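Contents: one structure, followed by commentary.
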Amino acid sequence: MIIWICTDMEGLAGIDRWEQCYDPDDDSPAYLYGREQLTAEVNAAVAGCFDAGATEVRVLDGHGRNRNRGFVEDRLDPRVTRVFVESYPPTRWEGLNAEVTGLAMIGQHAMAGTLNGFIDHTQQPKEICRYLINGQEAGEMSQMAVYAAFYGVPLLYVSGDEALCEEARRLFPQALSTPTKRGTGWLSCDLYPPERVRENIRRDIAAAIRRTDRPAPVKLEPPIEIAVEWAWSEPADRMAKVEGVRRLHARTVSWTIYDPRDVFTWPNAHWSPPKGDHP
């Protein structure tokens, strides 16, 4: 039984400052502290997976600022199988395929525009107002669930702040979740005791894996419409120049994908939305 985990940092227990996730200095005390929190929380999740009978746990460092160097290597559970980007463009995640039993997400944040979501965003903080899949607002959790469903892999579990857990209950009601803190604004939150949170993560992810009534993957049938509203018009200006991209509004563009895995691929000079009925 293989579990595939995507990590982020904004939704981690112990994280209550921007610099802990995004300080540009790799050696700053705040960022090093954030990496320690990331590693400890991943270790708790990995332990829970093996408690529940997993034979392999594949972990993606999904926080872009980390550049795949977010984990404190000498503290990371040695049973982890590290994965990253298999190819680009289009984006394909290494090790997320039909042999995987379930998807989990650790330290996740709520989608852009979520009230009292701590550093809520979708892909690019402060730049994207809304990301929509077939007209429904979606965050990174939904994107990953759509990608995994291509292989028949369901979203089993997530951890993050209360706003993220509420998003999961609304969009993926059969998935289990663990709250790590309560957001009180975009850059403010009330932390829950990190050690207790990690105990809960270990317990809850194991429970999600052990369930006999695991959720079904949420498969979307092509064509799939993607739309993005930016905070200002300049990014939309640039993206609208790519073949296959439609301009809906000064700040909004859309395009069609025929392969659900393309949900993470953005139109650019190296990749255009496919035409016709096939990717």
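Data table
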| item | result |
| --- | --- |
| Enumeration of residues in region 171-188 that are among the hydroxyl-bearing types (Ser, Thr, Tyr) and either in contact with a helix residue (DSSP H, G or I) (Cβ under 9 Å, 6 or more places away or on another chain) or crowded, with 23+ Cβ neighbours inside 10 Å (or both) | Ser177, Thr178, Thr180 |
| Every pair of residues 6+ apart whose Cβ atoms lie under 9 Å, when the first sits in region 19-47 and is closer than 20 Å to Ile119 by Cα and without any contact (Cβ under 8 Å) to a residue 24 or more places away in the chain while the second is in a helix (DSSP H, G or I) and small (Gly, Ala, Ser) | Glu19/Ala30; Glu19/Gly34; Gln20/Ala30; Gln20/Gly34; Asp23/Ala30; Asp23/Gly34 |
| Among the candidates Thr184, Thr212, Thr180, residue that is among the hydroxyl-bearing types (Ser, Thr, Tyr) and either touching a Gly at 6+ places or on another chain (Cβ under 7 Å) or at positive phi (or both) | Thr180 |
| Set Glu229, Glu234, Glu243: member being surrounded by 16 or more Cβ atoms within 10 Å (Cβ to Cβ), of a type outside the set (Val, Ile, Thr) and over 24 Å from Tyr157 (Cα atoms) | Glu229 |
| Verdict on Arg65 being in contact (Cβ under 8 Å) with a residue 40 or more places away in the chain, basic (Lys, Arg) and under 27 Å from Arg198 (Cβ atoms) | yes |
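Yes/no matrix, rows are residues, columns are (1) more than 30 Å from Pro179 (Cα to Cα); (2) part of a helix (DSSP H, G or I):
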| site | (1), (2) |
| --- | --- |
| Ala208 | no, yes |
| Arg214 | no, no |
| Glu221 | yes, no |
| Ala250 | yes, no |
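No lab work stands behind these numbers, since they all come straight from the coordinates. Computed from a predicted structure; not experimentally measured. Here the Cβ is made from the backbone with ideal geometry for all residues, glycine too, and neighbour counts use every protein chain on show.
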